[in-house]
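For reference, the structure discussed in these notes is given below.
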Amino acid sequence: MRSGDAVWLAGGPCAFSALEVSARAPGGVRRATGSVATVRRWAEGEDAASRARFTTLWTALTSPRGPTAGLDWSRPRIMGIVNVTPDSFFDGGRFFGAAEAIERGRAMRQAGAEILDVGGESTRPGAQPVAEPEEARRVVPVVEALAAGGLVSIDTRHADIMRAAIGAGAVAINDVDALTGPDSLAAAAALAVPVVLMHCNADPRTMQNAPVYSDVTLDVFDYLEARVAACVAAGIPRERIVVDPGIGFAKTAVHNAELLDAVAALHALGCPVLLGASRKSFIGKFSVGEAADARLPGSVAAAVWGASQGVQIVRVHDVAETAQALAVWARATDPALLAAG
């Protein structure tokens, strides 16, 4: 909701009237916090390079995002997780067969998912790699069936699986390795579809072995900024790029909390933002230690928090519950909807 001197965040539907600017400096990180007017005056007093950097980020932060895969960003969109795996951390094995996965995806779409993310290789902490022929066997029939009824993305780190899934009807690529794998960047550019770039910068098998950051928000921002630049240089337009901070990937509970708190900063990359926090272990660590099957309330809370920070896509296991929560959030924060009763 916008009022007074507030500015639309990434073109809406959220707005902000105060912000924090963070910059690396000798000995640490320099920060300035205040109203929009105060921070802009602060930036005007900086050197020419800093002013130029501020202008670039400010423009990205406040400019509307164009549609991606036919989805506009007038409201947060739900991506339903379809794991065709025996070992995913939450639903591994329950939808491992193609028929079960297809049924699951169709039910998610009926419940409100506007894109289905199909994956055949678990990237949970400690997960072992899957041979590409096996990954293809798992995902291609599911993608083909679900793509007949709506939007599907392929969750993969492997160029050949990207090609096979797009050939089967997927319209986007979701890569936890941010297209750093062999031939992935070239494949994605040639396929000319939207891509999701996630921050992880570690092997899933070892990524939770004491991850360390100098400043997790700035480190994640810088990594994703570099990956966006690499994609643009390879011929993938910024308009086809989505960024994901990688909650739960090579991050402690404290890192996850800091990233959730600062997730709106990622809008300064000029791309739609995806938040994937569903059922992850940090929820239990923030609460009383609940196992994955008891983390639904925390998952919904994280999705609503993301929406309040302007996140354009929430990637979830529990579509119906998330859709209901976002409907209530939208009604409570939009004056036009409130007036409609």
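Every number in this text was worked out from the coordinates using simple rules, so none of it is lab data. Here the structure is a predicted model, which means the values were calculated and not measured. Quick reminder, even Gly has a Cβ in these numbers, built from the backbone with ideal geometry, and neighbours come from all protein chains shown.
Quick look at the values:
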read-out: Protection proxy ranking of 262-274, 116-128, 68-80, 207-219 - average other beta-carbon atoms within 10 Å, highest first; value: 262-274, 116-128, 68-80, 207-219
read-out: Gained length - Val328 relative to Arg31, 0.36 nm times residue gap less alpha-carbon distance; value: 103.5 nm
read-out: Binned Cα-Cα distance frequencies in region 146-293 - 5 Å width, integer %; value: 2, 10, 19, 20, 19, 15, 10, 5, 1, 0
read-out: DSSP-defined beta bridges in the chain - what % are antiparallel, rounded to 5; value: 30
read-out: Convex hull volume per residue in cubic angstrom - Cα atoms of region 7-62; value: 75
read-out: Rel. contact order, % - alpha carbon contacts under 8 angstrom, at least six apart, the chain; value: 16
read-out: Ellipticity estimate at 222 nm from DSSP helix runs (n ≥ 4, -39,500 (n - 2.57)) divided over the chain, nearest 500; value: -12500 deg cm²/dmol
read-out: Per-selection metrics, the chain (Cα): Rg and Dmax in Å; value: 19.7, 62
read-out: D (Stokes-Einstein, µm²/s), Kirkwood Cα radius, region 253-341, 1.567 mPa s at 4 °C; value: 94
read-out: Other-chain or far-sequence residues with amide H under 5 Å of Ala178's (modelled H); value: Met198
